[in-house]
Amino acid sequence: MQRKLKLILILLVLATPLAILNNLGVFDRFVDEETISNPESELESSQIAPEPQMRFGLPVDSFELIDNVIANGESFSNILLDFGIGYNKIHRIATEFKEVFDVRNLRSGKDYTIFAENHDSLKLARYMVYRPSAIDYVVFDLSDSLDVYLGEEEVQVKEKSISGVISSSLYKGLLEQGGSPALAVELSKVYAWTIDFFRIQPGDYFKLIYEEKYIHDTVLVGTGKIVAADFHHGGRSFYSFYYDNDTTYRDYFDEKGRSLRKAFLKAPLDFFRISSRFNPRRFHPVLKRVKPHLGTDYAAPHGTPIMATADGEVIAAAYTRGNGNYVKVRHNSTYTTQYLHMSKFAKGIRKGSRVRQGDVIGYVGSTGLATGPHVCYRFWVNGTQVDPLKQDLPEAEPITEDYIEDFRSFMNPLKARIDALDLPLAEPDQPKVRLASLKTSQSFMLNY
Ligand SMILES: [Zn+2]
């Protein structure tokens with residue numbers, strides 16, 4: 001299994017029980033929360049005069065509200081005909097307001113709300129509100145003036161913190177309960193370039209401050225970004241802080257202001273001459289016909305060391321008639337690189353080998369379809385071959401002196417909060433009856 005996939009699985013396994021326990025209130029001791037986007041909420045709740053009840057920006061008081069779900073095969077006209085809206089209006093909405101929302105895009109399983117006026121025994125729809133997602137909604141104003149417009153629920157962002165020792169207990173039972181993978185995915189993105197994290201060791205632990213998105217202050221609608229994290233691995237803390245200064249930086253940095261991303265080396269060789277660029281319409285010098293050149297050729301003397309351009313795992317070190325001796329390296333779920341025509345592989349390079357950026361993986365040669373000694377360097381982004389020289393590749397630049405003070409004043413309080421987070425003790429030797437108790441519930445097994 002690929003490393004990255006493993007991490008995601010591991011984190012899934014981690015996040016699932018965490019989410020469950022969190023829902024059960026097990027983490028009350030370790031999870032604190034505060035609303036950061038809505039500082040006035042306390043004031044509002046303490047006001048005595050009742051404000052008019054609103055939903056989707058519409059007054060609730062004068063209507064009967066009918067909440068429902070689009071049934072299988074149910075159409076816009078089906079719904080509205082039942083609420084006294086005639087074909088003429090339905091047709092006008094479907095045509096005149098198609099640019100705002102195409103009613104053919106109603107999906108079964110999605111929520112809608114009818115704001116109905118009671119006329120004798122008939123319920124007449126005055127508004128219909130369709131909700132394609134937890135946050136987005138579409139208002140159909142069904143009065144004679146007719147209108148269709150889009151809206152968004154106000155989202156409250158709350159910060160949560162969570163920590164856990166990674167040890168060998170308990171997780172399998174919790175995995176069966178199911179849960180949201182979103183936080184795990186976020187965490188895997190933050191540390192995507194720190195590949196050695198994938199080798200989790202017993203005693204490793206994590207501490208996170210992350211965001212959750214709510215509507216109506218209580219309804220969880222999604223996981224936001226990870227604000228700060230400490231992934232403690234092999235006795236060492238690996239911090240990450242999301243720093244966004246509105247101008248130059250919007251990314252994760254460690255406590256010293258170093259980027260968590262690792263740039264690719266500009267080329268797999270130190271000294272070279274580019275002899276052929278990435279060219280989808282290139283005339284192939286050996287085959288004598290147009291054949292896309294989906295790589296960049298770096299000519300260099302026979303035997304010149306070829307380096308891995310970023311950390312990764314060797315997924316192929318093999319020979320084919322076209323490629324000659326080649327090495328393919330998977331860097332993460334996004335990036336893969338390949339190096340062709342090697343005279344030979346470097347010592348220890350085989351399928352499954354781990355390589356660090358700059359490691360020598362082979363030597364320039366002209367094996368396979370090559371006219372002279374060079375390395376053909378190929379680059380995949382999400383499975384598509386692209387020209388690496390034209391990619392906006394991850395930056396590895398640290399925060400510059402101009403901004404480092406600002407970064408520190410932002411980061412230091414966050415780091416203090418992370419450091420202060422309680423770390424639940426792992427108690428792997430507790431008897432089974434205690435497995436559900438507070439402390440032992442905090443430790444998780446990583447199985448890979
Ligand atoms: Zn080439």
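The values are calculated or read from the model by the stated rules, or taken from the named source; none is laboratory data. Please read these numbers as outputs of a predicted model, since none were measured by experiment. Cβ placement follows ideal geometry from the backbone for every residue including glycine, while neighbour counts extend to all protein chains displayed.
Tell me which of these Val360 doesn't satisfy, since it passes every other one: (1) at pLDDT 90 or above; (2) under 14 Å from Leu269 (Cβ atoms); (3) within 16 Å of the ligand (Cβ to nearest atom).
(3)
Within region 61-82, how many residues are touching a residue at least 40 places away in the same chain (Cβ under 8 Å) and surrounded by 14 or more Cβ atoms within 10 Å (Cβ to Cβ)?
Number of matching residues: 6.
State whether the residues of region 293-313 include one that is surrounded by fewer than 22 Cβ atoms within 10 Å (Cβ to Cβ), within 34 Å of the chain's Cα centre (by Cα) and among the β-branched types (Val, Ile, Thr).
Within region 293-313, not a single residue is surrounded by fewer than 22 Cβ atoms within 10 Å (Cβ to Cβ), within 34 Å of the chain's Cα centre (by Cα) and among the β-branched types (Val, Ile, Thr).
With Phe56, Phe83 as the choices, which residue is on the phi > 0 side of the Ramachandran plot and of a type outside the set (D, E, K, R)?
Among Phe56, Phe83, only Phe56 is on the phi > 0 side of the Ramachandran plot and of a type outside the set (D, E, K, R).
If Leu369 passes every condition in (1) hydrophobic (A, V, I, L, M, F, W, C); (2) within 16 Å of the ligand (Cβ to nearest atom); (3) in a loop (DSSP other than H, G, I, E, B); (4) out of contact with any Lys or Arg (no Cβ under 8 Å at 6 or more places or on another chain) but one, which one does it miss?
Of (1) hydrophobic (A, V, I, L, M, F, W, C); (2) within 16 Å of the ligand (Cβ to nearest atom); (3) in a loop (DSSP other than H, G, I, E, B); (4) out of contact with any Lys or Arg (no Cβ under 8 Å at 6 or more places or on another chain), only one is false for Leu369: (4).
Can you find, within region 372-400, the residue that is farthest from Tyr326 (Cα to Cα) among those that are small (Gly, Ala, Ser) and away from the ligand (no atom under 16 Å from the Cβ)?
Ala396
Which condition does Gly303 not pass, out of (1) more than 13 Å from the ligand (Cβ to nearest atom); (2) not in a loop (DSSP other than H, G, I, E, B), if it passes all the others?
Exception for Gly303: condition (2).
Which residues, counting only those in region 283-295, are near the ligand (Cβ under 9 Å from one of its atoms) and in a loop (DSSP other than H, G, I, E, B)? If you could, list the steps in order and put the result at the bottom.
Going through region 283-295, the residues near the ligand (Cβ under 9 Å from one of its atoms) turn out to be 293-295.
Selection gives Leu294, Gly295.
Residues of region 262-280 being of a type in the set (Lys, Arg) and over 35 Å from the mean Cα position of the chain (by Cα), which ones?
Arg273 - this is the single residue of region 262-280 that is of a type in the set (Lys, Arg) and over 35 Å from the mean Cα position of the chain (by Cα).
Identify, please: which residue in region 238-272 is among the hydrophobic types (A, V, I, L, M, F, W, C) and part of a loop (DSSP other than H, G, I, E, B) and is, among those, surrounded by the fewest Cβ atoms within 10 Å (Cβ to Cβ)?
Phe271
Taking region 401-415 as the search range and keeping residues that are of a type outside the set (D, E, K, R) and within 23 Å of the chain's Cα centre (by Cα), which one is farthest from the ligand (Cβ to nearest atom)?
Applying the filter and picking the extreme gives Leu414.
Here are the criteria: (1) outside any loop (DSSP other than H, G, I, E, B); (2) modelled with pLDDT of 90 or more. Tell me which single one Arg350 does not satisfy.
Tallying (1) outside any loop (DSSP other than H, G, I, E, B); (2) modelled with pLDDT of 90 or more, Arg350 fails exactly one: (1).
Out of the residues in region 85-103 that are among the aliphatic types (A, V, I, L, M) and not in a helix (DSSP H, G or I), which is nearest to Gly151 (Cα to Cα)?
The extreme case among them is Val100.
Only one of Ala300, Ala267 is of a type in the set (A, V, I, L, M, F, W, C) and modelled with pLDDT of 85 or more; which?
Selected residue: Ala300, the only one of Ala300, Ala267 that is of a type in the set (A, V, I, L, M, F, W, C) and modelled with pLDDT of 85 or more.
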